[in-house]
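These notes are about the structure you will find just below.
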Amino acid sequence: MFLHEVFPVKCIKVGLEAEDKEEAFEEMVDYFCQTTRNDAREEILEALREREAKMSTGIHKGIAVPHGKTNVVEEVLGVLGISRKGIDYDALDGEPVYLLFMLLAPQKDSEKHLRILKRLAELLENPQFYMDLLSQKDSLGAHNVIYKYEDIFISEE
């Protein structure tokens, strides 16, 4: 499974309004539920909070990857949120977060979940990927950036 499939155009929100981590979770989960017609808001929030309680998913400078496993999704899906003003996320480096890659996976699909996290981590090693995503004005542009960098990465493998 490719990242451009996990984060389809309809699941990319440019202009997150949240100011802190909890608001970001709620805004992104609401967006996910709206775009995928999934009404399991509370179960999804609980999965994210449960994982976050173990350790902050604010992992790279300006980037967070909140994720969780829940049986209210049938496949690995996500929402990419882009914040212009930054979110107080309690990140490991103490800095605000501007890109949030929220991933949800079914309980039974740990292997695919881990492969997606690994691929995302590999792309996030490229600082230009981060900068190009941040500069996007709409979800289609952001999706095209994911597709472009993923294609480059795959061709280098």
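What tally of residues in the stretch 56-94 results from selecting those that are assigned to a loop (DSSP other than H, G, I, E, B), over 12 Å from the mean Cα position of the chain (by Cα) and in contact (Cβ under 8 Å) with a residue 12 or more places away in the chain?
So the first thing to find is which residues in the stretch 56-94 are assigned to a loop (DSSP other than H, G, I, E, B), and the list is 56-57, 61-62, 65-66, 70-76, 89-94.
From what's left, over 12 Å from the mean Cα position of the chain (by Cα): 56, 61-62, 70-75, 89-94.
Keeping just the survivors that are in contact (Cβ under 8 Å) with a residue 12 or more places away in the chain gives 56, 61-62, 70-75, 89-93.
Here the count works out to 14.
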**Request:** Look through the stretch 109-120, keep the residues that are touching a residue at least 12 places away in the same chain (Cβ under 8 Å) and not hydroxyl-bearing (Ser, Thr, Tyr), and return whichever of them is surrounded by the most Cβ atoms within 10 Å (Cβ to Cβ).
**Result:** 116
**Message:** Any residue that is surrounded by fewer than 19 Cβ atoms within 10 Å (Cβ to Cβ), at pLDDT below 90 and not in a strand (DSSP E or B) - is there at least one of those in the stretch 137-151?
**Reply:** yes
**Item:** Members of the stretch 107-134 found to be farther than 15 Å from residue 63 by Cβ and not in a helix (DSSP H, G or I), listed by number
**Value:** 107, 108, 109
**Complete:** Residue count, the stretch 60-94, condition modelled with pLDDT under 90, buried (at least 17 other Cβ atoms within 10 Å of the Cβ) and under 17 Å from residue 22 (Cα atoms), comes to 1
**Fill in**
Of the conditions (1) touching a helix residue (DSSP H, G or I) at 6+ places or on another chain (Cβ under 9 Å); (2) modelled with pLDDT under 95, the single one that residue 33 does not satisfy is (2)
**Item:** Residue, farthest from residue 62 (Cα to Cα), within the stretch 6-24, restricted to residues that are of a type in the set (A, V, I, L, M, F, W, C) and surrounded by fewer than 22 Cβ atoms within 10 Å (Cβ to Cβ)
**Value:** 9
**Asked** Would it be correct to say that residue 18 is assigned to a helix (DSSP H, G or I) and either among the small types (Gly, Ala, Ser) or free of Cβ contacts under 8 Å to residues at least 24 places away in the same chain (or both)?
**Response** no
**Request:** Pull up the stretch 16-35, narrow it to residues that are over 13 Å from the mean Cα position of the chain (by Cα) and of a type in the set (A, V, I, L, M, F, W, C), then point me to the one that is farthest from residue 77 (Cα to Cα).
**Result:** 18
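The values are calculated or read from the model by the stated rules, or taken from the named source; none is laboratory data. Nothing here was measured: the structure is a model prediction, and the numbers come from that model. Virtual Cβ from ideal backbone geometry, glycine too; neighbours counted across all protein chains shown.
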